[in-house]
1. Is it fair to say Ile310 is out of contact with any Ser or Thr (no Cβ under 7 Å at 6 or more places or on another chain), touching a residue at least 12 places away in the same chain (Cβ under 8 Å), closer than 20 Å to Val142 by Cα and in a helix (DSSP H, G or I)?
2. Taking region 183-242, which residues are part of a loop (DSSP other than H, G, I, E, B) and in contact with a helix residue (DSSP H, G or I) (Cβ under 8 Å, 6 or more places away or on another chain)?
3. If I filter region 70-81 for residues that are at pLDDT below 90 and within 21 Å of the chain's Cα centre (by Cα), do I get at least one hit?
4. Can you confirm whether region 259-271 contains a residue that is closer than 19 Å to Pro52 by Cα, of a type outside the set (Asp, Glu) and at pLDDT below 90?
5. Does region 282-291 include one or more residues that are among the charged types (D, E, K, R) and within 24 Å of Leu143 (Cβ to Cβ)?
6. Here is a list: Ser103, Ser51, Ser59, Ser74. Which entry is touching a Pro at 6+ places or on another chain (Cβ under 9 Å) and closer than 30 Å to Thr130 by Cβ?
7. Can you name every one of the helices (runs of 4 or more DSSP H) wholly within region 63-178 that holds 1 or more residues which are over 30 Å from Ile299 (Cβ atoms)?
8. Give the residue that is surrounded by the fewest Cβ atoms within 10 Å (Cβ to Cβ), with candidates limited to residues of region 115-152 that are within 15 Å of the chain's Cα centre (by Cα) and under 12 Å from Gly193 (Cα atoms).
Amino acid sequence: MDTDINPIIHNQIIDNQISINHNEINIATPQSSEVSGVLFLAPAFVIWGLSPIYWKLLSHVSSIELLFQRVIWSSLFLYAIVLWQGKNAEIKKILTNPSTMISLVGSTMVLSLNWYLFIWAVNHGKVLQTSLGYYINPLVMVLLGMIFLKERLRKLQMVALFIAGSAVIYYAIGLGQFPWIALTLGFSFGFYGLFHKMTSISSLTGLLVETLILSIPAAISICWWQIKGTSALFSVNLETDLLLVGTNLVTAIPLLMFIIGTRRSTMTTVGFIQYLSPSITFLLAVFIYHEPFSHQRLITFILIWTALAIYSLDSFNAFRKRRGVKL
């Protein structure tokens, strides 16, 4: 799952209605729009889950150039959307706020690490570990909330974390290798969520500023590669050029659908649907790319799935208690 915003950090979902015009995305939908929220969320997570197929089509391009090409084209696409919404003032406010910019520089660093490692892992036959990384991400968010935000864990959350930790230890001992890709993806995206949880900026403008920050080294690098004649852009074939330009589509389009969907849905709904992405990636790794799937890996995933089931059940029960819902 190459997602850009973690559903766990969207903790202020408003049950109101969404309408889009040339100036803004205006949120205002009743609870009855939950179904329409799912219609936006599901395709977003499906696209993210299938994204390894896209990146493998560009496996002949270096991972660092793929990252920088993605940043450049995504920033242009996102800037066009922000202009369309008339949010220039919001961007200017962010750019002139030192504390917000410091936070966004931090989030940009972990986001770029997450994007780069995902692309690298996919193109080096490590799709299964990317799936594992995004499966454990919700549990990582719980752990980071406890450490940095002093959030108190419920008993079932503690049980889920213990089982997930046991799965990682078993993976390391059983396979004789530390699952560093999965843990780095899970924790980098967790810290990305933590940075955004501590700021009040919107997801879209925040991501735009992050891509703009990263576009500086990206533009310099791409220009240098073009001068040296080592860039893949305009030097391989038309298909490669179109795929490189299209990297913004696997970034911005699912992101927009995700933003709309989360604002139409409850956190419980988002929490359950988010597992679509790593599940699709898991199926791709095992049945399409035929990555090694020993009994040790199977046991690791069973432990993670058990931890997620406990975590999801606990989240659902907590949600029912807050809403006063009776089954």
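1. yes
2. If the condition is that a residue be part of a loop (DSSP other than H, G, I, E, B) and in contact with a helix residue (DSSP H, G or I) (Cβ under 8 Å, 6 or more places away or on another chain), then Met198, Thr199, Ile201, Ser202, Ser231, Ala232, Leu233, Phe234 are the ones that fit.
3. Yes.
4. no
5. Within region 282-291 (the criterion being among the charged types (D, E, K, R) and within 24 Å of Leu143 (Cβ to Cβ)), the answer is no, since none of the residues qualifies.
6. Working: Ser103 fails: touching a Pro at 6+ places or on another chain (Cβ under 9 Å); Ser59 fails: touching a Pro at 6+ places or on another chain (Cβ under 9 Å); Ser74 fails: touching a Pro at 6+ places or on another chain (Cβ under 9 Å).
It is Ser51.
7. Hits in region 63-178: 63-85, 88-95, 98-122, 127-148.
8. Met141
The values are calculated or read from the model by the stated rules, or taken from the named source; none is laboratory data. A quick note: this is a predicted structure, and the numbers were derived from the prediction, not measured. Quick reminder, even Gly has a Cβ in these numbers, built from the backbone with ideal geometry, and neighbours come from all protein chains shown.
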